[in-house]
1. How many residues, within segment 272-293, are free of Cβ contacts under 8 Å to residues at least 40 places away in the same chain and either among the charged types (D, E, K, R) or more than 15 Å from PRO305 (Cβ to Cβ) (or both)?
2. Given (1) within 13 Å of ligand 1 (Cβ to nearest atom); (2) surrounded by fewer than 23 Cβ atoms within 10 Å (Cβ to Cβ); (3) not hydrophobic (A, V, I, L, M, F, W, C), identify the lone condition not met by GLY170.
3. Can you name every residue in segment 153-196 that is within 15 Å of ALA36 (Cα to Cα), assigned to a loop (DSSP other than H, G, I, E, B) and within 16 Å of ligand 2 (Cβ to nearest atom)?
4. Sort out which residues of segment 229-266 are within 14 Å of ALA177 (Cα to Cα), more than 14 Å from ligand 1 (Cβ to nearest atom), among the hydrophobic types (A, V, I, L, M, F, W, C) and at pLDDT 95 or above, and write them in order of number.
5. If the Cβ limit is 9 Å and pairs must be 6+ apart or interchain, which residue in segment 103-121 that is in a strand (DSSP E or B) pairs with which residue that is away from ligand 1 (no atom under 13 Å from the Cβ) and aromatic (Phe, Trp, Tyr)?
6. Is at least one residue of segment 278-286 of a type in the set (Val, Ile, Thr) and surrounded by fewer than 21 Cβ atoms within 10 Å (Cβ to Cβ)?
7. Being among the basic types (Lys, Arg) and either within 16 Å of ligand 2 (Cβ to nearest atom) or part of a helix (DSSP H, G or I) (or both) is the filter here, so list the residues in segment 271-311 that pass it.
8. Exactly one of these conditions fails for ASP71: (1) surrounded by fewer than 15 Cβ atoms within 10 Å (Cβ to Cβ); (2) in contact with a His (Cβ under 8 Å, 6 or more places away or on another chain). Give me its number.
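The values are calculated or read from the model by the stated rules, or taken from the named source; none is laboratory data. All values reported here derive from a predicted model rather than from experimental measurement. Note: ideal-geometry Cβ built from the backbone for every residue, glycine included; neighbour counts use all protein chains shown.
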Amino acid sequence: MRLLALETSCDETSAAVVGEDRVLSNVVASQVALHAEYGGVVPELAAREHLARLPAVVQEALDRSGTQPADLQAVASTLGPGLPQALLVGARAAQSMAYALNLPYLGIHHHEAHLYSPWIEIDGRTGEVGAAGFEPNVSLIVSGGHTILVHLISELHHRVLGATLDDAAGECFDKVAKLLGLPYPGGPLVDRLAREGHAGAFDFPRPLLRDPGDEFSFSGLKTSVRYFLEKRPGLADDPQALRDLCASVQAAIVDVLVSKLLGAARRLGVGCVTASGGVTCNSSFRERLTREAAAQGLRLRLASPAYCTDN
Ligand code: KG4
Ligand code: ZN
């Protein structure tokens with residue numbers, strides 16, 4: 001079975017061909033540079049850019065995988081959640097191709113796509129491909145738009161345990177980065193600067209860390225950084241203080257994410273945890289989660305960075 005899959009929910013124009021139990025091609029044209037000057041994604045610009053770039057991106061995905069349209073058995077696209085105008089471009093393109101080729105169209109839930117992304121690749125431990133090695137798990141989807149904790153009871157049966165009550169973790173990274181004068185999207189830059197900073201330099205709140213529920217809240221953390229900076233004007237202009245600030249804020253976010261994920265896994269008695277979404281690229285999150293999951297005897301499957309972001 002060969003599947004052509006399109007993704008245009010936000011600021012990545014992407015097409016992939018999946019077949020023989022693996023990803024045969026994955027082409028992602030990022031629009032980050034286009035939106036950078038506005039400090040965030042402009043929905044109408046994103047939609048127009050998808051429209052302009054999608055034909056070439058689809059062609060490249062077909063070419064790289066050696067696929068002719070006649071080889072396809074289905075066409076899929078992200079159907080939501082996402083920016084409505086942007087989603088429409090990918091959905092209409094996929095539906096039109098499916099119609100023209102007389103193939104089924106599959107509308108994919110954005111969060112479910114992230115949820116299953118840790119299973120795309122060959123498991124280094126078992127050598128099994130994707131869902132073949134599936135086991136019940138608790139999964140954290142953590143991106144610029146969402147922070148959701150999910151219990152995967154069986155391969156196609158899952159239950160949302162909780163989500164953020166306000167900002168997503170990635171949004172918190174990006175908004176704090178903006179307060180620090182860093183360009184959009186700030187998450188990867190905070191990660192990079194934090195590597196040379198002291199995580200214990202400044203004490204920021206860990207919202208809902210001790211709360212027994214599965215909800216998250218990150219808007220208070222962002223606000224506390226804002227008040228902190230207002231009382232210390234110019235602090236972020238000092239390069240070492242900037243690195244320390246990044247490390248301290250990152251530590252607060254990572255503490256909450258790792259604790260909540262592992263806490264839910266212990267409570268539900270699963271042997272495996274997984275994580276996906278853009279923030280799963282964060283090096284400190286990956287390190288902490290790898291270390292603490294191992295210490296608690298939990299198997300961990302992390303989507304590789306290429307499959308963490310929208311694709
Ligand atoms: O999944 P994604 O590509 O798009 C959606 O939001 O759906 O996630 C993008 C988010 C942004 O907020 C970005 O700053 C964050 O993921 N991100 C990171 C890192 N890489 C991406 N945050 C922290 N550290 C990173 N290394
Ligand atoms: Zn996403």
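1. 6
2. GLY170 satisfies every listed condition except (2).
3. Across segment 153-196, the qualifying residue is only PRO185.
4. Within segment 229-266, LEU229, ALA241, LEU242, LEU245 qualify.
5. Here the result reads TYR105/TYR99, each pair linking segment 103-121 to a residue that is away from ligand 1 (no atom under 13 Å from the Cβ) and aromatic (Phe, Trp, Tyr).
6. no
7. So the first thing to find is which residues in segment 271-311 are among the basic types (Lys, Arg), and the list is 286, 288, 291, 299, 301.
ARG286, ARG288, ARG291, listed by residue number.
8. (2)
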